[in-house]
Structures are given as structure tokens and as C-alpha cells.
1. Using 0.36 nm per residue of separation minus the Cα-Cα distance, give me the extension gain between VAL96 and ARG162 in nm, one decimal.
2. Could you give P(r) for the range 19-139, binned at 5 Å from zero, as whole percent values over all Cα-Cα pairs?
3. Under 5 Å between amide hydrogens, which residues at least 5 positions from ILE124 or on another chain qualify, with H placed 1.01 Å from N in the peptide plane?
4. As an exercise, use a Förster radius of 22 Å and the Cβ-Cβ distance of ASP199 and ASP7 to find the FRET efficiency, rounded to the nearest 0.05.
5. Could you tell me the calculated FRET efficiency between ARG54 and VAL149, based on Cβ-Cβ distance and R0 = 30 angstrom, to the nearest 0.05?
6. With a 10 Å Cβ neighbour count serving as the proxy for reagent exposure, in which order, fewest first, do TYR52, TYR79 appear?
7. List GLU105, GLU204 from most exposed to least, where exposure is judged by having the fewest other Cβ atoms within 10 Å.
8. Using the Cα centre as the reference, give the magnitude of the dipole from point charges on the C-beta atoms of the range 1-116 (Lys, Arg: +1; Asp, Glu: -1; all else neutral), rounded to the nearest 20 debye.
Amino acid sequence: MKFLPPDRTPKVAVVGFGYVGSCVAATLAGCGISVCCIDNDRHLVEEMRADYWRFNEPGLAESLARALDDGALTLTDDYQAVKSADVIIIAVGTPVDARRAIVTEHLEEVCAVLAPLIRPGQLIIVKSTVAPGTTTKLVRSLLEEAGAVQGLDFGLAFCPERLAEGSALAQFRTLPIVVGGCDKESADSARAFWAAALDVDVLEFSSPEVAELVKLAGKIPARATGYSRAVRCSISGHHPPGARHDQGAEGAGLGARHVTSLGTDADHRVGEGQPVLAGRELGI
């Protein structure tokens with residue numbers, strides 16, 4: 001694989017040590033992978049070094065403490081640590097504002113910091129929840145600002161977080177992993193990484209946009225069930241009686257539209273100014 005080391009287990013850096021980043025780091029370290037967690041919240045890093053854990057997830061504190069004791073997991077607030085990683089997983093928070101729009105401020109800040117630190121051959125995986133088009137249009141452009149070229153110097157893929165609080169660690173080791181790469185080699189590398197690390201099924205989709213929709217499909221409000229059902233059917237391959245095999249958002253009567261937020265009970269909007277396309281248009 002172009003963006004994975006050919007003769008050894010890849011070293012991983014998890015950027016953002018919130019709930020998702022903690023679960024990812026604990027699981028990978030428990031699988032024998034060397035993981036460095038990076039967060040610019042120095043207080044959070046010091047808390048965890050002192051065995052204080054903010055997140056009430058069954059088994060998480062014990063898994064992290066064990067990984068720290070074993071040396072499989074390290075914690076730092078120094079982003080220079082990403083230079084020694086083969087795979088960089090971005091898991092920073094992307095909260096929703098009062099208009100139900102996804103706020104990408106922290107994601108943008110992290111990408112700007114990472115850009116001059118990227119070395120050739122690294123694979124970058126985005127796990128932060130984002131609107132369709134964010135990985136390709138926003139993240140890629142920010143990571144390339146220091147001169148590295150995606151697809152040539154580094155790989156880039158999106159992998160949605162699909163965990164339920166209370167059973168996250170168990171789900172992470174059993175649920176299929178979804179990936180969508182900005183190019184075929186990035187997608188193949190991401191698929192190979194997760195398959196080898198977790199020994200689970202990996203669903204590789206045609207683009208980051210499709211993978212981004214997988215996450216957002218579960219966040220559509222109740223009145224947008226036509227869209228949500230269409231996206232889920234397109235992704236899973238399971239269609240209700242009478243549904244066409246190629247039926248996506250367009251088949252549900254929604255067509256292509258530009259959207260600006262996660263939506264309210266009165267609308268179907270699900271992203272940040274990006275078009276939602278029919279399933280067949282996205283290659284689902």
C-alpha cells in the first residue's frame with residue numbers, strides 16, 4: 001500500500017483526545033498498535049496522565065490506563081509528535097451551533113497546524129463528523145497549504161464515527177468500518193489499515209462524500225425520513241419492497257439540493273452549504 005509501511009505495523013497518532021479519540025486510541029492500543037494521542041488541552045493531558053478520565057464509557061478508563069502502563073499509549077500536547085506516525089487520525093470535536101450547522105473551527109485549526117508537519121507517505125484519516133464535501137474541499141486544501149500534495153505525498157480518507165455511547169468499545173471491535181478516500185490508493189490504504197488493526201469488515205466507498213453521508217444519515221430529523229431511509233438503503237444495499245435498486249435521495253423525491261445545516265423539524269438540510277446528491281450520483 002502506498003500510504004502504509006510495507007514491512008511493519010504502522011504507528012498511529014490520534015489528534016483530539018475527546019470521547020471519540022479516546023475510544024479510538026484505547027482500541028488500537030489494545031490491539032498492540034503504538035498510539036500517540038495529541039491534544040492542545042494541556043490540562044486534559046495532565047488529567048489523563050494522573051489517571052483521571054472525563055468520559056464515562058464502560059471499560060474505557062481501564063483500557064487507557066492499561067495502555068499507558070504498557071507503553072502502547074503516550075499522551076502529549078506537542079503536535080511535532082505526528083512526524084513519527086504513519087497514520088494520523090483526526091478526531092477533533094465538530095459541535096453543532098444554534099442554527100444546527102456543523103462548526104469546523106477546531107478541525108480547520110488542526111489542519112493548519114498539521115500541514116507543515118506532514119512527511120511523505122503518511123495516511124491521514126478524518127473521523128470528525130463533517131458535512132458532505134468537507135474532507136475533499138476543506139480538509140485537503142488546508143493540509144496542502146505547506147506544499148505537500150494529497151495523493152502524491154500523503155493519503156487522505158474519511159472514516160465516520162458510528163459508535164453508541166455505553167457500548168462504544170465493543171462496537172468498535174465488531175461493527176464494519178466505513179471508508180471513503182480522496183483517491184483509490186488512499187481508500188485502499190485506509191481499508192487495509194482498519195482491516196489489519198481491528199480484524200473487522202471494511203466497507204470501501206467511492207468517495208469521502210459518500211462516507212460522510214453515512215454518518216449524517218443517522219442525524220436526519222424525524223420529518224426527513226424519506227431522505228434518511230433512501231441514504232440508508234443506498235448504503236446498505238437493502239431496499240424495501242417496490243424500491244428500485246438504484247434509488248437514493250433522488251428516488252425519494254428529494255433530488256439534488258444545496259443545504260446549509262443539520263436541519264430542523266421543518267426542513268431536510270444536512271450539511272454546510274454542500275449539495276446532497278442522489279445515491280447513484282455519489283456512486284453508492
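1. Residue separation times 0.36 nm, minus the Cα-Cα distance, leaves 22.1 nm.
2. 2, 10, 20, 22, 20, 15, 9, 3, 0
3. ILE88, GLY155, LEU156, ALA157
4. On the way: r = 20 Å, r/R0 = 0.90.
That gives a FRET efficiency of 0.65.
5. Values: r = 38 Å, r/R0 = 1.26.
Efficiency, from the Cβ-Cβ distance: 0.20.
6. On the way: TYR52 10, TYR79 17.
The order, fewest Cβ neighbours first, is TYR52, TYR79.
7. Details: GLU105 12, GLU204 20.
Lowest to highest Cβ neighbour count: GLU105, GLU204.
8. Working: 10 positive and 17 negative charges, 75 e Å.
For the range 1-116, the charge dipole is close to 360 debye.
None of the figures in this text is laboratory data; all of them are computed from the coordinates on show. Just so it is clear, the model here is predicted, and its values are computed rather than measured. We place every Cβ from the backbone using ideal geometry, glycine too, and count neighbours over all the protein chains shown.
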